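**Q** Just passing along the structure, written as C-alpha cells.
The values are calculated or read from the model by the stated rules, or taken from the named source; none is laboratory data. Since this is a predicted model, take the numbers as computed values, not measurements. All Cβ positions, even for glycine, are placed from backbone atoms using ideal geometry, and neighbour counts span all protein chains on display. Please note that ligands, DNA and RNA were not included when accessible areas were found on the heavy atoms of the full protein model with its side chains. Shrake-Rupley method; radii C 1.70, N 1.55, O 1.52, S 1.80 Å.
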Amino acid sequence: MSALIFLLVCFAAIVFLALRQAPLSIWAPSIAVLALMGQFGLPFGEPVLSFSGGAWVGWVIAVILGAFAVPDVRRRIVVEPAYNALKKVMPRVSPTEQEALEAGTIGWDAEIFSGAPDWSRLHDVKPPSLSAEERDFLDGPTEELCRMVVDWDIRHTRKDIPPEVWKFVAAKGFLGMLISKEHGGLGFSAQAQSLIIGKIASRCPDVAVIVMVPNSLGPGELIERYGTDKQKTKFLKRLAQGKEIPCFALTGPTSGSDAAAMRDTGIVCKKRFEGKAVLGLNLTWAKRYISLGPNATLLGLAFQAYDPDGLLGGDEELGITVALIPTDHKGVEIGRRHLPGGVAFPNGPNWGEDVFIPLDWVVGGKEGIGQGWRMLMECLAEGRAISLPASSTAAAKAALRSTSAYARIRKQFGLPIGFMEGIEEPLARMVETAYVNEAGRSVTASMVSAGEKPSVISAILKYQTTDRMRRAVNDAFDIHGGRAICDGPSNYLQTAYQAVPVAITVEGANILTRTLITFAQGALRSHPWLYKEIQALRDPDAEQGIDAFEDAFSGHVAYMVANIFGSLFHNLTGGYFASAPAHARATRQWYRQLSRASRTFALIADVTVVNLGGGLKVKQKITGRLADALSELYLLSCVLKRFEDDGQPSADRKIVDFCAANCLYRFQQAIKGVLDNFPIRPIRYLMYPLAFPLGARKRPASDQLGKDLVRAVLQPGEVRDRLTRDIFIIDDPSDPQGLLEHTLTKLVAAEEADKKLEKAVRSDTIRRTHANDWIADAQKKDVITAQEAEALKDLEQLVARVIAVDHFDPKEVIPHYKMSETKSLAAE
C-alpha cells in the first residue's frame, strides 16, 4: 500500500510541476525530495525504495536537472548545440511566405494551442450587437432589397442582376458599408456587414455577391487602408455611392491557389502619358474568375513588378504590386463572362498586353510598389472571416427554416415526414449546422469588429462554414426529394445548391485552406514558442539570437512537458479536474472537455511540428486532420460563447449538448486519424497512450437527443426563430418562401381537426381519393365541424401548392423546339 501511495504522490507532484511549467531550479530539489521520501520512507514509516532498487534513478535525475538549472551549463550543453544544429537546417522562407505568416493577429486560436485556455479571453469577446443605425439598415433597406428580388427572374430569365437592383444598392449605400463615413461610406462594423450580407444571401446569393465583393478584398478596402490621399479623395466617395463598380483581379490561369506564382508583370519604364513623359509600369496580364469584372469600372490588378533598368534605384525584382486601373483605359480587355455554376452574378476574365499606367495608379503610389502581397494578406486575414461565413451561415439557416416547415407540412404514410427517423437524422444535422455556423460567424465577427484580424480563425471559418453549408443544402435536397430537384419559380433551394461550389472554391479553395493554410499557419503563429524560436534562428546578430533562442527553447521544453503530463492526467481523469469558467454552470462539463481536448491537441500538434518540420508541407493528410481538430475546438468554443451571449435559454441546452458531443467526437476522430497515420512509428506508439490512455471513448450525440432537437424545430416558436434569426423571412403566400411560413401557421392552427380527419381515414369512416370530397364527407358524418372543415379545405389547397412542382411548355425550355419533329422521331 505504501508503494502505491508513494507512486501516486510522485505522479501528482510531477503533474503539478509540469502543469505549472516550473523552472529547473524547482524541478531538481522536488525530484530530490521524492527520492528521499522513497529511500527513507518519509512519511510512510518504512522505505519504499532502496538506493540500489530505484532511488538512485531519482537522485541521478535530480543531479542532472540541477546541473541544467545552471545557465552556463545549460547553454553550453543544450542550447548552443540545438541552436547551431537548427540554424543549419532552417529552411528558406520566401518574402511572400513571410508576409503571409505575419499577416493578421492571433487571439483565441493561441489559447487553444496553449493547451490551457484562459476562458476570460473568450468571455471578453463582446456579444454580437449593432448600433441603432446598423439595425435600422438591416430592418429597412436590406429588408426592402430582399422583397424586391425575384430569384427565378435573376438566375433563369435574365441570368443577370436587374438594373433596378443595381440602382437600389448603389443609392442606399450597400456598396460602401466598408468605407468610413469620413470618405462617404456607411462605416459599418464587421458584425453589421456580416448580418446584412447574410440576410441578402438568404434571399438571393447572386445579389449578395454584388454587395459582398465591394465590401471585401478589393479596391475600396485597399484604398482605405493603403491608398494615397489623392487616391482616397478620387475614388472612395465614388465607390461608396456606386458611381464606380470595383473588381479585383488576382487569380490567373497559372496562379490559382498559388497566387504568388502569378506570371502577370509590370515593367518600370518611361513613356508618354497624357502628353507628358512619366515614370510608370508597362503591364501584361491575364486573369480569370473575377467577380463583378464584366460590370466593373475600376479594376484592381495584382502583378509582379520589375525594374530591369534600375529606374527606381533599387532591386530588379520588386515583388507583388497592386494598381488601380479604369476599365476604359486603353488596352484593358474586360467584359466577357464566365458562367460559374449557373449563377447569375457577373464574373469573367480580363487581360491586357503592354498597357502603360503611371506610378501614381499603384495603390499607395511609388511607396506601394512591392507591398501588394502584404496588403492582400492583411486584408484577407480579416475579410475571409466576414463575407463567405455570413452567406454560408445564412444559407444553412434558410435551408433549415424551409426544410423544417416542409417536413412538418409534407405527409407520407399518414404522418409528417419530419416525424420519421430517417428524416430526423439529416434534420438534426441541419439544426447543428445552423447553430454552429451562426456561433462561429457571430463570435468571429465580434472579434473583427473589435479590431482583430484573425488570420488562422478566418481560414477555419471559411472552410468549415462553407463545407457544413454544403452538407446542409444536400440534406435539404434529400428531404425535399423531387420537390427540390424540379427547378422553377417555386423552387427555393436551387439557387443555394447552384451557388455551393462557388463558396467552396473562392477566397482559397477549401482543400487548400484545410491542408496547407489552417494548421501550417496556426502552428507557426498560434504556437506559444515556435515562431519565437524561428525568429531567433533568423536573427543576423548571433549573440542576440542565441539569447532569444534560449528563452524560447526553454519555454518550449516546459510547454511540451506540461502537455505530455497534462494530456495524460486529464485523459485518465476524464477531464474532471480541467479548468472551466466559474459562471458556466449549465455548460461546465463541456468547458472541461474542451480544456482537456485543448491539452491533447497542443501535445499532438507540437510533437507533429517538432518531428516533421518542413515535411509538413507534403504531409497534407496529417495537416488536414489537425486543421479539422483545431476547427472543432474553435467552433465548440463559439457554441459555448453563443449560448452565454443568448442568455443561456433552457430551450437551447439540448442543442448545445448535441453540438458539443459531436464536436468532441469529430475532434477525437481527427486526432486518432493523425496518430493512426503518423509516419514515424515510435512517435505514434508514444503518443497513443497519452492521447487515449483508456481508448477512444467519445461517441456522437444520441439519436434521442437528435429527435428532441427536430421536434423543437418542427414547431413554430422561439427555438425555430432563434436558430434562423437575421435571415429574410416572409409570410406572403404568393411568395414560395412565404407560402411555407403561411402554410405552417395554418397547419398548426388546424392540427386537432386534422387529427380527427386522419383517424377517420384510418378507420375507413371516410375515404380519401381524388374522386371524392373527403373533407365534406367528414363534416357530414360529424367527424369535424363546419368551421374545422373550412380551415382544412383552406389548408388542403395550401399544402397542394407547397408540394407542387413547376412544369413548362416545351417551347419555354427547349430552344427551337418543334413538336412535329419530336413526334416524327418517336414514330420512327
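**Q** Would you mind stating whether Lys617 is closer than 19 Å to Ala696 by Cβ, out of contact with any Cys (no Cβ under 8 Å at 6 or more places or on another chain), basic (Lys, Arg) and in a helix (DSSP H, G or I)?
**A** In short, no.
**Q** State all residues of the range 115-140 that are open to solvent by 30 Å² or more (accessible area, probe 1.4 Å) and touching a helix residue (DSSP H, G or I) at 6+ places or on another chain (Cβ under 9 Å); if no residue qualifies, say none.
**A** Ala116, Asp118, Arg121, His123, Lys126, Pro127, Pro128, Ser129, Leu130, Ser131, Glu133, Arg135
**Q** From the residues in the range 246-260 that are in contact with a strand residue (DSSP E or B) (Cβ under 7 Å, 6 or more places away or on another chain) and free of Cβ contacts under 8 Å to residues at least 40 places away in the same chain, which one is surrounded by the fewest Cβ atoms within 10 Å (Cβ to Cβ)?
**A** Among those that are in contact with a strand residue (DSSP E or B) (Cβ under 7 Å, 6 or more places away or on another chain) and free of Cβ contacts under 8 Å to residues at least 40 places away in the same chain, it is Pro253.
**Q** A follow-up question, please. So which residues in the range 406-425 are surrounded by fewer than 20 Cβ atoms within 10 Å (Cβ to Cβ) and either assigned to a helix (DSSP H, G or I) or of a type in the set (D, E, K, R) (or both), if there are any at all?
**A** Arg410, Lys411, Phe419, Glu421, Gly422, Glu425
**Q** Filter the range 73-89 for residues that are under 18 Å from Trp27 (Cα atoms) and open to solvent by 70 Å² or more (accessible area, probe 1.4 Å) and give the result.
**A** Within the range 73-89, no residue meets the criteria.
**Q** For Val719, state whether it is within 26 Å of the chain's Cα centre (by Cα) and surrounded by 22 or more Cβ atoms within 10 Å (Cβ to Cβ).
**A** Against the criterion (within 26 Å of the chain's Cα centre (by Cα) and surrounded by 22 or more Cβ atoms within 10 Å (Cβ to Cβ)), Val719 does not qualify.
**Q** Among (1) over 27 Å from Leu493 (Cα atoms); (2) in contact with a Lys or Arg (Cβ under 8 Å, 6 or more places away or on another chain); (3) surrounded by fewer than 18 Cβ atoms within 10 Å (Cβ to Cβ); (4) not β-branched (Val, Ile, Thr), there is one condition Arg725 misses while meeting the rest; what is its number?
**A** (1)
**Q** Can you tell me which residue within the range 645-700, out of those that are without any contact (Cβ under 8 Å) to a residue 60 or more places away in the chain and assigned to a loop (DSSP other than H, G, I, E, B), is farthest from His123 (Cα to Cα)?
**A** Checking each candidate, the answer is Asn677.
**Q** Looking at Glu221 and the list (1) of a type outside the set (A, V, I, L, M); (2) at pLDDT 95 or above; (3) in a helix (DSSP H, G or I); (4) touching a helix residue (DSSP H, G or I) at 6+ places or on another chain (Cβ under 8 Å), which single condition is not satisfied?
**A** The failed condition is (2).
**Q** When you scan the range 579-603, how many residues do you find that are open to solvent by 10 Å² or more (accessible area, probe 1.4 Å) and not hydroxyl-bearing (Ser, Thr, Tyr)?
**A** Going through the range 579-603 one residue at a time, the tally reaches 13.
**Q** Another one. Does Lys755 qualify as being basic (Lys, Arg), farther than 30 Å from Trp152 by Cβ and either touching a Ser or Thr at 6+ places or on another chain (Cβ under 7 Å) or touching a residue at least 12 places away in the same chain (Cβ under 8 Å) (or both)?
**A** Judged against the criteria, Lys755 is not a match.
**Q** Okay, next question. Which one of these is more than 30 Å from Phe643 (Cα to Cα), charged (D, E, K, R) and surrounded by 22 or more Cβ atoms within 10 Å (Cβ to Cβ): Arg155, Arg225, Arg203, Arg147?
**A** After ruling out the rest, the residue left standing is Arg155.
**Q** On to the next question. May I ask you to list the residues in the range 783-813 that are open to solvent by 80 Å² or more (accessible area, probe 1.4 Å), at pLDDT below 90 and either in a loop (DSSP other than H, G, I, E, B) or not acidic (Asp, Glu) (or both)?
**A** Once the filter is applied, which keeps residues that are open to solvent by 80 Å² or more (accessible area, probe 1.4 Å), at pLDDT below 90 and either in a loop (DSSP other than H, G, I, E, B) or not acidic (Asp, Glu) (or both), the range 783-813 yields only Lys811.
**Q** Limited to the range 471-493, what total is found for residues that are touching a residue at least 24 places away in the same chain (Cβ under 8 Å), in a helix (DSSP H, G or I) and surrounded by 20 or more Cβ atoms within 10 Å (Cβ to Cβ)?
**A** Residues flagged as touching a residue at least 24 places away in the same chain (Cβ under 8 Å), in a helix (DSSP H, G or I) and surrounded by 20 or more Cβ atoms within 10 Å (Cβ to Cβ) within the range 471-493 amount to 6.
**Q** Taking only the range 512-571 into account, find how many residues are open to solvent by 50 Å² or more (accessible area, probe 1.4 Å), acidic (Asp, Glu) and more than 15 Å from Gln21 (Cα to Cα).
**A** Total meeting the criteria: 3.
**Q** Out of the residues in the range 97-140 that are of a type in the set (Asp, Glu) and either under 20 Å from Val639 (Cβ atoms) or under 21 Å from the mean Cα position of the chain (by Cα) (or both), which is modelled with the lowest pLDDT?
**A** Taking the candidates together, the pick is Glu102.
**Q** With the condition kept exactly as written, say whether any residue in the range 427-445 is open to solvent by less than 20 Å² (accessible area, probe 1.4 Å), touching a Pro at 6+ places or on another chain (Cβ under 6 Å) and either part of a helix (DSSP H, G or I) or hydroxyl-bearing (Ser, Thr, Tyr) (or both).
**A** yes
**Q** So Gly352 clears everything in (1) of a type in the set (Gly, Ala, Ser); (2) open to solvent by 10 Å² or more (accessible area, probe 1.4 Å); (3) over 30 Å from the mean Cα position of the chain (by Cα) except one condition, right? Which one?
**A** Unmet condition: (2).
**Q** Please identify the pairs in which a residue from the range 570-599 that is outside any loop (DSSP other than H, G, I, E, B) has its Cβ atom under 8 Å from the Cβ atom of a residue that is of a type in the set (Lys, Arg) and open to solvent by 10 Å² or more (accessible area, probe 1.4 Å), counting only partners at least 6 apart or on another chain.
**A** His570/Arg596; His570/Arg599; Asn571/Arg596
**Q** Do any residues in the range 330-354 that are within 13 Å of Thr251 (Cβ to Cβ) have Cβ atoms under 7 Å from those of residues that are β-branched (Val, Ile, Thr) and assigned to a loop (DSSP other than H, G, I, E, B), where the two are at least six apart or on different chains, and which pairs are they?
**A** These pairs meet every condition: Asn350/Val332.
**Q** Also: Of all residues in the range 648-669, which are more than 15 Å from Ala586 (Cα to Cα) and open to solvent by less than 20 Å² (accessible area, probe 1.4 Å)?
**A** Correct list: Asn662, Cys663, Leu664, Phe667, Gln668.
**Q** Being among the hydrophobic types (A, V, I, L, M, F, W, C) and open to solvent by 10 Å² or more (accessible area, probe 1.4 Å) is the filter here; which residues of the range 608-638 pass it?
**A** Val609, Val610, Leu612, Leu616, Val618
**Q** Look through the range 311-335, keep the residues that are closer than 30 Å to Gln498 by Cα and either aromatic (Phe, Trp, Tyr) or modelled with pLDDT of 95 or more (or both), and return whichever of them is surrounded by the fewest Cβ atoms within 10 Å (Cβ to Cβ).
**A** Applying the filter and picking the extreme gives Glu333.
**Q** Here is a further query. Taking the range 329-359 on its own, how many of its residues are more than 30 Å from Glu274 (Cα to Cα) and out of contact with any helix residue (DSSP H, G or I) (no Cβ under 7 Å at 6 or more places or on another chain)?
**A** Number of matching residues: 2.
**Q** Within the range 264-279, is there a residue that is at pLDDT 95 or above and not in a strand (DSSP E or B)?
**A** Yes, the range 264-279 contains at least one residue that is at pLDDT 95 or above and not in a strand (DSSP E or B).
**Q** Right, another one. Name every residue in the range 519-558 that is within 13 Å of Val610 (Cα to Cα) and among the aromatic types (Phe, Trp, Tyr), in order of residue number.
**A** Scanning the range 519-558 gives Trp529, Tyr531, Phe553.
**Q** Just one of (1) in a helix (DSSP H, G or I); (2) open to solvent by 80 Å² or more (accessible area, probe 1.4 Å); (3) under 27 Å from Cys204 (Cβ atoms) trips up Ser734, so point out which.
**A** Exception for Ser734: condition (1).
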